[in-house]
1. Can you compute the radius of gyration and Dmax for region 192-250, using only the Cα atoms, both in Å?
2. Can you list the aspartates and glutamates whose alpha carbon sits under 20 Å from that of Lys549, skipping same-chain ones fewer than 8 residues off?
3. What is the packing order of peptides 388-396, 34-42, 274-282, taking the mean over residues of other C-beta atoms within 10 Å and listing the highest first?
4. What is the distance in Å between the Cα centres of region 526-540 and region 41-103?
5. Shape of region 393-488 from its Cα gyration tensor (a ≥ b ≥ c, root eigenvalues): rounded if a/c is under 1.5, otherwise prolate when a/b > b/c, or oblate?
6. Counting DSSP beta bridges with both partners in region 170-325, what percentage is antiparallel, nearest 5?
7. Using the structure shown, select from Lys220/Lys281; Lys366/Lys483; Lys281/Lys419; Lys279/Lys517 the pairs with a Cα to Cα distance greater than 22 angstrom.
8. Is the shape of region 502-551 best called rounded, prolate or oblate, per the rule: a/c under 1.5 gives rounded, else a/b larger than b/c gives prolate, else oblate, with a ≥ b ≥ c the square roots of the Cα gyration tensor eigenvalues?
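Nothing in this text is a laboratory measurement; each read-out follows from the coordinates by a stated rule. All figures in this text were calculated on a predicted structure; none of them were measured in a lab. Every residue, glycine as well, gets a Cβ built from its backbone with ideal geometry; the counts of neighbours run over all protein chains shown.
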Amino acid sequence: MQFKLVRLFLLLCLIAGGLHTSVKAQDINVQDFGAVPGKPDVSQAVQAAITQLHRQGGGTLRFPAGEYHFRLPGAQADFARLMSGELHYDTKWGKPGIAYHKAMSFVGLSGVEIIGEDARLVFHGLVQPMEFVDSQQVRVQGLSIDWQRPAFSVGTVVASRADGFDLQVDNDFPLQGGEPVWALMDFDVQRNRLGLVDDWRLSAPLQLLAPQLVRVSGSKAVPVGNLVILRHVGNYRPAIHLLRTSQVRFEDVQILAAPGMGIIGHQCADIVMQNLQVKPKVGRLMSTNTDATHFISCTGEIRIQDSYFEGMGDDATNVHGFYLSIQKSVSTHSVRAYLSVNTQDLLPDWPQPGDEMEWVRGDTLKPYARNILNGIELNNDGSADLHFAQPIDSAVLPTDLLANASKVARLVFKNNQVKRIRARGILFQSRGALIENNEFVDNTGTGILIDTATGWMESIGTQDVVIRNNTLVGNGYGDGTYKEASGIAVLTESSAMASGVHNGLLIENNRIQGVGKTGVYICCSRDVILKGNQIAGNAVSLRLEYSDKVQLNGHFPGWIKGRGNQHIQLSEPVSATQH
């Protein structure tokens, strides 16, 4: 008996020792592989650590405090080619046949943590810092992502002409002449916000007049003394790319610059961003070239809370799917369809068997039928044959569209600040959304936009959206303003209007101090409640068009009841102007 007890004790010790060894093996310190702060280039050392992480199938990759530089030769060479004008600023990096550079790639992992102990990752050239593909249970914490020389420049206008201006560029953004300008925008130093000049795709490269003094031609004039941000590249790869990855959490992550978007999630599920900071480094004015975050055809919940967004070239977030166009009928149960635009990460966006597809009128974007997808066959020309469980509705028209009602994530956007960005504060096409306790201040476009559009082909009509207790001040004075609305706009971008594209909307207890003509604009909606909102500073507090079953509770000075409305219920007398 005593011998058996000894054997059992030894066995338990071995098991405990094995578990301890396993846990230690999963915690990978990049410095153990030669990635040392201050080293000229840690790319290969970090890659060796990532290789070990893949061997383990997951675990923790740890960056101790310090500054880590990533200098991939190809990425630096591509940036030099771009700035010399050899590469086109609209090159579709990542599209089939067009390669791009990756610093860190995590594929097929379950249970992976990238932990920065106040670590700053600094990138050089055109490179995608980080991607997670076909993975789950991902956590990224305590990292700062930055570029040594971002893909934009900032300077002061010293001379202005009708067709352009001369710009004294800050020394942090070295220029040689010949650099392309994909877009530019001015910054009003008196008002401490972006200005009114927003120009795109200049045909002429920069002309060097003297060290760091360049001539910008073929542009709108900008007042002398204003600052100008020149973006030299279009929407390059995001700082962090998520593809078919679920249960993702970002905590205490900073993105100070990126030559494209900050974070893109495509066909992902359940993403949390806690204290995400997308903001410019001191003296730069700009953070990401385009959106801070962007989510395509995701499921579950996307939660962004206690975060800060400033200086992006586009929205703080955009959540949507894509409309598919119908090419032709194949059978009573099948159609051939295609996507007429590029996705934001240039990857295909097809539904999967079992998804519930929504048939949508092409002129109004109003849904009218549903069907379950049984199968999908991809064709060589980029189209796909979609096979449905039930016969296709006889009311289908050749101009109608298909939206995926199974790939619509719930958005929670809570306790965030969105300041001084070009375009809207946030834009979303989500079902079951909560936008609560946020501040939107001095953004050139409408603070909160609910949309669905044939131009971008971004879907889907929203349902069950709550917008409450938000403060929206000084938005909607420039680019990205929809229907002249400063605070909130709900609409469709389509050739015809109809109520019922958006359904179930509560706008409650928001404070809107506007600068545009309209505080809140609502169109193409049904079952809408507005109550307890404070709207001031606009010529018109509220404008309604093509909406049904709308309840108004509160004070709406100078509101306009436009065309196509039905069943508007007023809780108290409200003056209305019929147009």
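1. My reading of the Cα-based Rg and Dmax gives 17.6, 52 Å.
2. Asp451, Asp464, Glu508, Asp527, Glu572
3. The densest-packed peptide leads the list: 274-282, 34-42, 388-396.
4. 47 Å
5. Numbers: a/c = 3.07, a/b = 1.68, b/c = 1.83.
Oblate, because a/c is 1.5 or more while a/b does not exceed b/c.
6. Details: 13 of 41 bridges.
Antiparallel: roughly 30 percent of the beta bridges in region 170-325.
7. Correct reply: Lys220/Lys281; Lys279/Lys517.
8. Values: a/c = 2.89, a/b = 1.55, b/c = 1.87.
Cα axes put region 502-551 in the oblate bin.
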